[in-house]
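> Handing you this structure, nothing more for now.
The values are calculated or read from the model by the stated rules, or taken from the named source; none is laboratory data. Since the model is a prediction, treat every value here as computed from it, not as a measurement. Cβ sites come from the backbone with ideal geometry, for glycine too, and all protein chains shown count toward neighbours. Ligands, DNA and RNA are excluded from the accessible area calculation, which covers all protein heavy atoms including side chains. Shrake-Rupley method; radii C 1.70, N 1.55, O 1.52, S 1.80 Å.
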Amino acid sequence: MLKLLLAEDDLDLAQTLVQYLELEGFICDHVSNGIAGLNLIEQNSYDVLLLDINMPRLDGLGLCQRLREQGNDTPVLMLTARDQLDDKLQGFNAGTDDYLVKPFEMEELLARVRALSHRRSGQIQKLTCGDLQMNLSEKSVQRNGQALKLSPTSWRLLERLMRASPSPVSREELMDSAWGDDHPDSNSLKVHIYNLRKAIDGPFAEPLLHTISGAGFALKPPGAGKINV
C-alpha cells in the first residue's frame, strides 16, 4: 500500500483528494503548509509527495528545494494553477519530478501518482553525511577524499542509511533494503553492518555509523548530538 503526503492549503480540495486517494487504496496524510509538510517528511517515509506551489510559511517550490538539498529523493508531483513554461522550468530546477495543472481530472492524478511511485527521483545524484559522500550516478563512495570499496549489500545498506540520515533506520527496514522480502537470518545483518562500519569508520577518527538502542542504526555527522548506544 503506497503512502502519500498531500501539502495543500485549499482545505476543500484537500479533503476531496484525500478521500479519492484513500478510496483508491492509498494512505494519504495531509498538511496545509510547507513547514508542517517538512516536519512530517522528516518523521515518515512516503512514496510520493503531492505539493501545492502556493502555500503559507513555505511554498511547494521551497519545500521541494529543501528536500533535494537534504538528499531526499522522494518523487514530487507539483500541483499548481501556473501553466506557463517559465513556472514549470522553475519547478523542475527546484527538484520537481512532474507537474499537474489545476483543475485536473482525478484519473490523471491517479495515473501520475502511480507512475512516480515506481521510481525514485532522478534529481538526487549525491548523498552526504559529514565528510562521507555517496555518488549514485558514478556508483562510488568516498570519505574525506578517500575512495571506499563496498560490497553490493553494503552499498544498499549505506544508501538506505544515508537517505534517512540523521534519523535511525530499523533492522527490519535495513533488511528490506538489502534483501527485499527474502530475509536471511538476523546474523547476516550483523555481519554486514560490521563490514560497513569497518569500511566507512575504520580508517577514520570520528565514527559516523551508530547503533541506536531500540531503534536500529543511524548515520550521523560529527557533532550531530548525543548518541545512545
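> By how many nm would the segment from residue 16 to residue 140 lengthen if fully extended, with 0.36 nm per residue of separation less the alpha-carbon distance?
In short, 40.2 nm is gained.
> Under the Kirkwood approximation applied to all pairs of distinct alpha-carbon atoms, what is the hydrodynamic radius of the stretch 57-124 in Å?
Kirkwood radius, the stretch 57-124: 12.3 Å.
> On to the next question. Can you give the local net charge around residue 201? Use residues other than it whose beta-carbon is closer than 15 angstrom to its beta-carbon, Lys and Arg +1, Asp and Glu -1.
+3
> Next question, about the same structure. What lysines sit close enough to residue 126 to cross-link, taking a C-alpha to C-alpha distance under 29 Å and skipping anything fewer than 8 places away on the same chain?
Correct list for residue 126: 3, 88, 139, 149, 190, 198, 220, 226.
> On a 0 to 90° scale, report how tilted helix 152-164 is relative to the longest principal axis of the chain, with both axes built from alpha carbons and the result rounded to the nearest 10.
50
> What is the sum of charges around residue 12, taking Lys and Arg as +1, Asp and Glu as -1, for the other residues whose C-beta is under 15 Å from the C-beta of residue 12?
Local charge sum for residue 12: -3.
> Averaging sequence separations of C-alpha pairs under 8 Å and six or more residues apart, then dividing by the length of the chain, give the relative contact order as a whole percent.
Over the chain, the number comes to 13 percent.
> Once the whole set of protein chains is in place, how much accessible area is left on residue 137, using a 1.4 Å probe, in Å² to the nearest 10?
Residue 137 has an accessible surface of roughly 80 Å² with all protein chains in place.
> Something else now. Want the number for residue 205 to residue 2: 0.36 nm per residue separation, take away the alpha-carbon distance, what's left?
69.0 nm
> Counting only residues 5 or more places away or on other chains, whose amide H sits under 5 Å from the amide H of residue 30 once H atoms are built in the peptide plane?
6
> Which Cα, out of 154, 205, 54, lies furthest along the positive dipole direction of the chain (beta carbon charges, K/R +1, D/E -1)?
Of the listed residues, the answer is 205.
> Long-range amide H contacts for residue 99: which residues qualify at under 5 Å (H placed 1.01 Å from N, peptide plane, sequence gap of 5 or more or a different chain)?
Under 5 Å from the amide H of residue 99: 78.
> Separation between the residue 24 and residue 191 pseudo-spin-labels, each 7 Å from Cα along Cα→Cβ, expressed in nm?
Simple spin-label model gives 4.4 nm for this pair.
> Same structure, new question: So, with a 1.4 angstrom probe, what is the percent of accessible area on the stretch 1-128 that is carbon and sulfur?
Taking all protein chains in place, the stretch 1-128 shows 45 percent carbon and sulfur surface.
> Full-extension gain between residue 117 and residue 43, please, as 0.36 nm times their residue separation minus the C-alpha to C-alpha distance.
The residue 117-residue 43 span can extend by a further 24.7 nm.
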